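Any read-out appearing in this document is the output of simple, stated calculations on the displayed coordinates, not a laboratory observation. What you see is a predicted model, and the numbers here were worked out from it, not measured in a lab. Positions of Cβ are backbone-derived with ideal geometry, glycine not excepted, and every protein chain shown enters the neighbour counts.
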Amino acid sequence: MSYCVYIIYSEKLDRYYVGYSENITIRLEQHNKGLSAFTAKVSDWKIVYQKSFPTRQQAHQREKEIKSKKSRKYIQWLISSAG
């Protein structure tokens, strides 16, 4: 079983959201159905980055690292470098 760190983007809000999940397909549906408080305002979220990790702990740690940067430029660099 693997876990995925993901970044989703809303064009309407021009915002990114960073998270991790065991099932990214179901999680994206939850974001677009308004089941997550931060992402509930719109329903146009799209996955722009994802990376798998073998354990939940590793995925959570990577999510925290990305969020700790508090940098839109870093997130955009990460997305573009994933190619």
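Brief remarks on what is shown
- Shown for the chain are no DSSP H helices, since none reaches 18 Å along its axis, judged by Cα atoms, with a mean Kyte-Doolittle hydropathy of at least 1.0.
- The chain, helix-only ellipticity at 222 nm - DSSP H runs n ≥ 4, -39,500 (n - 2.57), divided by all residues, nearest 500: -12500 deg cm²/dmol
- The Cβ shell under 15 Å around Gln61 holds other residues with a net charge of +4, Lys and Arg each +1, Asp and Glu each -1.
- Per-selection Kirkwood Rh - the chain (Cα, Å, 1 d.p.): 12.9
- Rounded Å value of the spacing that divides the Cα centres of the range 1-39 and the range 40-72: 8
- Lys/Arg +1, Asp/Glu -1 at C-beta; the chain dipole; positive extreme among Asn32, Val5, Ser71: Ser71
- Local electrostatic count, Ser43, Cβ distance below 12 Å [Lys/Arg +1, Asp/Glu -1]: +1
- Label-point separation in nm, Ser43 to Lys69, each point 7 Å along Cα→Cβ: 3.2
- Restriction of the GluC sites (Glu not before Pro) in the chain to DSSP coil positions whose beta-carbon has at most 10 other beta-carbons within 10 angstrom yields Glu11.
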